[in-house]
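Note sheet for the following structure.
The values are calculated or read from the model by the stated rules, or taken from the named source; none is laboratory data. All of these numbers come straight from a predicted model, not from anything done at the bench. Neighbour counts run over all protein chains shown; Cβ positions are idealised from the backbone, glycine included. With ligands, DNA and RNA removed, areas are computed over all heavy atoms of the protein, side chains included. Shrake-Rupley method; radii C 1.70, N 1.55, O 1.52, S 1.80 Å.
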Amino acid sequence: MTTQLDPDTAYAVRRGGIADVTHVTRLLEAAAPQVDLDGDGTIDGPADPVVAASVTRLALSHVVLQHGQMWVADHEGIVLAASVWVPTTAMAQVNALSAVVARELDAATVQAALDPGSDVRGVLDAATPEIGAHLDAIQPDVLLTGLAADPQLPPAERDRLLMACTVRALEELEGTAAAVSLEPEQVLVLESAGFVRVAEIPVGAHHRLWVGRSA
């Protein structure tokens with residue numbers, strides 16, 4: 001996946017399609033936030049990353065591409081960055097996705113495979129009401145549910161591609177978009193792309209969740 005580019009490299013930003021699903025899944029996995037919400041000294045994540053990647057592929061294929069949008073930046077056919085957007089009206093498709101997951105995967109093990117552990121769940125559960133209240137106040141039409149770039153790109157190039165995928169999507173989307181992030185570098189990209197901070201919510205002992213809306 002690693003591709004070193006210089007600042008003058010040409011790239012294309014376009015709507016993603018079914019052929020991009022595997023590439024975007026890999027980007028989302030590789031660029032997942034390196035956070036320790038429960039403070040146990042271990043980076044948080046799903047118990048089984050392989051199953052998590054399968055669920056992500058199914059979500060992109062059956063929810064995002066059918067109801068939302070996926071924007072990718074590529075260079076000579078190599079997908080380097082992506083943004084994933086889901087209309088709030090499509091959240092009802094979660095039940096339909098659950099049925100697809102149950103059909104395609106071993107339903108008895110999926111929940112356990114995605115579980116980050118009871119301590120992390122507790123931290124997230126404690127922050128959920130405040131996060132929900134801010135999102136309710138925004139009343140977004142669309143949620144940014146994924147933003148990722150090849151982590152081995154130079155930082156300036158990574159941020160340039162992430163911003164391009166975000167700006168292009170915002171130009172095409174109708175209504176208000178909302179986004180959340182635990183990563184300060186990503187927040188800078190979102191604010192540069194046109195998002196405005198609504199709140200910062202403590203999550204765990206050492207993290208703050210940024211909540212923003214499109215201007």
Listed residue (Val196, Ala149, Val13) projecting farthest to the positive dipole end of the chain, Cβ model: Val13
Extension length gain for Ala205 and Arg121 (0.36 nm per residue less Cα distance), in nm, is 28.8 nm
Dmax and Rg, reported as Rg then Dmax, of segment 42-123 (C-alpha, Å): 14.7, 44
Cα Rg, Dmax (largest Cα-Cα span) when computed across segment 110-215, Å: 14.9, 40
Specify whether the C-alpha gyration tensor of segment 152-213 places it in the rounded, prolate or oblate class, a ≥ b ≥ c being the square roots of the eigenvalues: rounded for a/c under 1.5, otherwise prolate if a/b is larger than b/c and oblate if not. oblate
Projected area averaged over all directions for the convex hull of the alpha carbon atoms of segment 10-69, nm², comes out at 5.6
Over segment 123-188, relative contact order from alpha-carbon pairs under 8 Å, at least 6 apart, %: 43
In Å², and per residue, what accessible area does the chain have when probed at 1.4 Å with the other protein chains present? 51
Given the chain, report the % of alpha carbon pairs whose separation exceeds 33 Å. 11
Size of charge dipole - the chain - debye, nearest 20, with Cβ of Lys, Arg +1 and Asp, Glu -1, no other charges: 500
I'd like the distance between the alpha-carbon centres of segment 101-124 and segment 154-195, rounded to an integer number of Å. 29
Calculate the spin-label point distance for Leu114 paired with Ile78, positioning each point 7 Å from the Cα along the beta-carbon direction, and give it in nanometres. 3.2
Counting only protein heavy atoms and using a 1.4 Å probe, what share of the accessible area of segment 41-177 belongs to carbon plus sulfur, as a whole percent? 54
Give the average over all directions of the projected area of the C-alpha convex hull of segment 92-162, one decimal, in nm². 7.8
